[in-house]
Amino acid sequence: MRRPAGGAAGRRPALAAVAVIGALALAGCGGSDSDSGSAGSGAELSVGSAYIPQPVSDSMAAGFLTITNEGGTADELTSVTSEAGEVTVHETVDGTMKEVDRLEVPAHGQLVFKSGGNHLMFEKLKQQPKQGQSVTVELHFAHSGPVTVELPVKAATYQPTAGHSGHSEDPGH
């Protein structure tokens, strides 16, 4: 594992990588109330396919990503924070979008945020993200430690290339 040496200012990608690796290492550790006594079967979370389409609004944007849980225990995404602005979690059911305070990340499964489905809503942006930049978010879970993710800003028309979540390394999808 690489750690930033000295002055961490300006080394956000390295710090984000360390934070993600640390959170993943901790995710398998601490027992939770819902961990029905089976040692080592906690949530094992990873995040991929993260992006923000370049917003047309200067104050609002949507974010998409896939949270994969390879562990034997479900977890829940409870909130998302970012220095870029306020972030809320939205669920889309039968074409209707609503803000929710938590979404399940199933054991041995995925929580997918995609266009037309579940998504992150960024509001009161401090500045409009531009293509080529990235926005840092911190995902907070009911049982696992926080995970920091960089969401690259893609073209407004960007569509993930493989499958529903953009993962190509998962043969099950």
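The values are calculated or read from the model by the stated rules, or taken from the named source; none is laboratory data. These figures come from a predicted structure and were not determined experimentally. Counting neighbours? That spans all protein chains shown, and the Cβs are built from the backbone with ideal geometry, glycine included. Ligands, DNA and RNA are stripped out before the accessible areas are found, and what is left, the full protein with its side chains, is counted by its heavy atoms. Shrake-Rupley method; radii C 1.70, N 1.55, O 1.52, S 1.80 Å.
List of remarks:
- Partner lysines whose Cα lies under 19 Å from the Cα of Lys98, excluding those fewer than 8 positions away in the same chain, are identified as Lys114, Lys124.
- Per-pair calculated FRET efficiency, R0 = 25 Å: Asp94 and Ser59 via Cβ, rounded to 0.05: 0.35
- Per residue accessible area in Å² of the stretch 41-173, where ligands, DNA and RNA are left out and the probe is 1.4 Å: 50 Å²
- About its Cα centre, the dipole of the stretch 53-133 is roughly 340 debye, where the only charges are +1 on Lys and Arg Cβ and -1 on Asp and Glu Cβ.
- Cβ crowding within 10 Å averaged over residues, with 43-50, 91-98, 119-126 ranked highest first: 43-50, 119-126, 91-98
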